[in-house]
Ligand SMILES: NC(=O)c1ccc[n+]([C@@H]2O[C@H](COP(=O)([O-])OP(=O)(O)OC[C@H]3O[C@@H](n4cnc5c(N)ncnc54)[C@H](OP(=O)(O)O)[C@@H]3O)[C@@H](O)[C@H]2O)c1
């Protein structure tokens, strides 16, 4: 039995993580403030590495982290990831939301998009559209060309909105997430801290340029020492 404790906001409340009602409790706790917006979702070691010993986030994550990941995904219309994350982690599309992948090169080697329940969107810098179409021949995807050679988060968001996808969860990697933060397009960061120290092969948000504040709106912990935080990001959308 694993206990899961809500610390913030108080008073503290503990649930059995295995209890079937706990998923509904978590779903309420993780309900986004607005039906549209951008959430980042990451797991990192104490010292800020987003990859563990296997070179992916898999070895940092745990059973309850995966449960919370599922809860966050169910509140989303679309899960957005970068192509490098797809190449490193394989990335199977979730059942409850569409998957959108951004790519400049069109290289999606190692993808598992064929297993998708909902048709994935591939947002691709225009010159690489043919490469994507060749790589994904026979896989049901929708390829949308992007105009900007330097990743433009506002353009990506406009494409998602044009597809009726308003509630966006960006699961990384760090480059894509930093782009959204720098563009002031992020409302919230859901950050799991794993009770591990790992060589920071891939650091969380190394390329962030601007400074901004954040407010802790929720904190959970479990018997294994994981911390599950929700941070509201200051200044979101202030710069338009
Ligand atoms: N712990 C966690 O929660 C977590 C979550 C996700 C990922 N990760 C780890 O993070 C690492 C990957 O992160 P990353 O920061 O290196 O990369 P990333 O954020 O996954 O990918 C960024 C992507 O942006 C694409 N891009 C650049 N310019 C573009 C443009 N003009 N138009 C469209 N797309 C454009 C690039 O595509 P091309 O590559 O095609 O040029 C690149 O793959 C992996 O090691 C993964 O395991 C950890």
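Where a number appears in this text, it was derived from the coordinates with a stated rule and is not lab data. Keep in mind that what you see is a predicted model, and the values were worked out from it rather than measured. Positions of Cβ are generated from backbone atoms using ideal geometry, with glycine treated the same way; all protein chains shown enter the neighbour counts.
Give, as residue ranges, the strands (runs of 3 or more DSSP E) completely inside region 1-49 that count at least 2 residues that are within 30 Å of residue 154 (Cβ to Cβ). Let's see the steps before the verdict.
Working: elements: 3-8, 13-16, 37-45.
Those strands (runs of 3 or more DSSP E) span 37-45.
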Scan region 50-68 for residues that are within 9 Å of the ligand (Cβ to nearest atom) and crowded, with 22+ Cβ neighbours inside 10 Å and report the count.
4
Scope region 92-116; condition within 9 Å of the ligand (Cβ to nearest atom), assigned to a loop (DSSP other than H, G, I, E, B) and within 27 Å of residue 36 (Cβ to Cβ); matching residues
104
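If you take the residues of region 72-90 that are away from the ligand (no atom under 12 Å from the Cβ) and not in a helix (DSSP H, G or I), which of them is surrounded by the fewest Cβ atoms within 10 Å (Cβ to Cβ)?
75
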Quick check on region 167-182. Is at least one of its residues under 26 Å from residue 60 (Cα atoms), away from the ligand (no atom under 13 Å from the Cβ) and surrounded by 20 or more Cβ atoms within 10 Å (Cβ to Cβ)?
yes
What's the number of the condition residue 35 fails, among (1) surrounded by 14 or more Cβ atoms within 10 Å (Cβ to Cβ); (2) under 20 Å from residue 97 (Cα atoms); (3) in contact with a strand residue (DSSP E or B) (Cβ under 7 Å, 6 or more places away or on another chain)?
(1)
